[in-house]
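The structure appears below as C-alpha cells.
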Amino acid sequence: MRVLIVEDEPGIRQTMNRVFEREGYLVDEAGDGPSGLAQAVAGEHDVVVLDVLLPGLDGLQVCKAIRAAGVKTPVLMLTALSDVDDRVNGLDSGADDYLGKPFAFKELLARVRALGRRPAGGSVDAVLRCEDLEVDLLRHSARRGDRKIELTATEFKLLEFLARNATHVLSRSRILDEVWGFDYDGESNVVDTYVHYLRRKVDADEQRSLIRTIRGYGYALGGG
Ligand code: CA
C-alpha cells in the first residue's frame with residue numbers, strides 16, 4: 001500500500017509518516033496544496049490523506065482538482081472536528097471519508113485501511129445504524145426511531161466509535177485510545193463517565209438498551 005500525506009504542519013506530517021511506515025506502507029509527503037495535487041494526479045497511491053487547511057490550494061480545491069483530472073484514488077480528508085460545513089464540503093468535493101482533528105493514529109490507520117480496500121469510486125457510509133439507532137456522520141446527529149438525541153462533541157465521538165464497531169465488544173483501554181487519544185492523561189474513569197452520559201441519552205425510556213456493559217472489560221453497542 002502506498003499513501004500520500006498532504007499536510008503543511010511538519011510535526012504532524014512526520015508523525016503520520018512514521019506511523020504509516022511502521023505499518024509497512026510506502027509513504028510520500030507534500031507540504032502544500034499544489035505539490036500534493038501534482039503527486040496525487042500521478043495516480044500512484046492507494047490512499048491520499050488530505051488536510052483541509054493548506055497553503056496554496058486548500059484540501060477541498062485539491063480534492064476537486066484530483067477528481068477533475070479523472071483520478072479516483074480514495075481521499076481521506078482531515079477536518080476540524082466540530083465543523084459540519086467542512087465535512088459536507090469535503091464529501092461534496094469528492095473525498096471518500098473524513099476524520100476530525102484531533103484524531104487518534106489508530107483511527108487514522110483504520111480509516112486508511114478501509115479506504116485502501118474499497119473499490120475506487122465507492123462512497124462513505126454517511127449514516128451508521130444499529131437496530132433503531134441512527135448516527136449521522138455528516139450532521140453529527142443521532143436518533144432512536146423518531147427521537148432525536150442531543151449529544152456533545154465528545155459524546156458523539158464515543159457513540160460514533162461504538163456504532164462503527166457495533167456488536168463488537170470493546171475494551172475500556174481501546175475506547176480510551178480511539179476516542180480520547182494515546183496522550184490522554186485525564187481522569188481514568190472518563191470512559192465509564194461518558195458511557196453513563198450516553199446511556200442516559202440513548203437508552204433512557206427505551207424498551208431495549210443498546211449499550212451493553214461487559215463486566216470487568218468494557219462495552220458494546222447492540223448485539224446482546
Ligand atoms: Ca493544515
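Values as computed for the structure displayed
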{"item": "Residue pairs meeting the criteria (Cβ under 9 Å; at least 6 apart or on separate chains; first away from the ligand (no atom under 16 Å from the Cβ), in segment 33-53; second among the basic types (K, R))", "result": "G43/K72; E44/R2; H45/R2; D46/R2; V47/R2; V47/R111; V47/R113"}
{"item": "Segment 193-209: number of residues that are within 22 Å of the chain's Cα centre (by Cα) and either farther than 17 Å from A163 by Cα or open to solvent by less than 10 Å² (accessible area, probe 1.4 Å) (or both)", "result": "3"}
{"item": "Single unsatisfied condition, R144 versus (1) touching a Pro at 6+ places or on another chain (Cβ under 9 Å); (2) closer than 17 Å to D203 by Cβ; (3) of a type outside the set (S, T, N, Q)", "result": "(1)"}
{"item": "Check on R13, in contact with a strand residue (DSSP E or B) (Cβ under 6 Å, 6 or more places away or on another chain) and not in a loop (DSSP other than H, G, I, E, B)", "result": "yes"}
{"item": "Residue among K72, K64 that alone is more than 16 Å from the ligand (Cβ to nearest atom), under 22 Å from the mean Cα position of the chain (by Cα) and outside any loop (DSSP other than H, G, I, E, B)", "result": "K64"}
{"item": "V27 being more than 16 Å from the ligand (Cβ to nearest atom), open to solvent by less than 40 Å² (accessible area, probe 1.4 Å), of a type outside the set (D, E, K, R) and touching a Pro at 6+ places or on another chain (Cβ under 8 Å)", "result": "no"}
{"item": "Every residue from segment 4-24 that is within 16 Å of the ligand (Cβ to nearest atom) and among the basic types (K, R)", "result": "R13"}
{"item": "Filtered residues of segment 43-60 (kept if among the small types (G, A, S) and part of a loop (DSSP other than H, G, I, E, B))", "result": "G43, G56"}
{"item": "Failed item in (1) in contact (Cβ under 8 Å) with a residue 40 or more places away in the chain; (2) aromatic (F, W, Y); (3) open to solvent by less than 40 Å² (accessible area, probe 1.4 Å), with Y98 passing the rest", "result": "(1)"}
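The values are calculated or read from the model by the stated rules, or taken from the named source; none is laboratory data. The structure presented is a predicted model; accordingly, all values stated were derived computationally and were not measured. Note that each Cβ is placed from the backbone with ideal geometry, even for glycine, and that neighbours are counted across all protein chains shown. These accessible areas exclude ligands, DNA and RNA; they are computed on the full protein's heavy atoms, side chains included. Shrake-Rupley method; radii C 1.70, N 1.55, O 1.52, S 1.80 Å.
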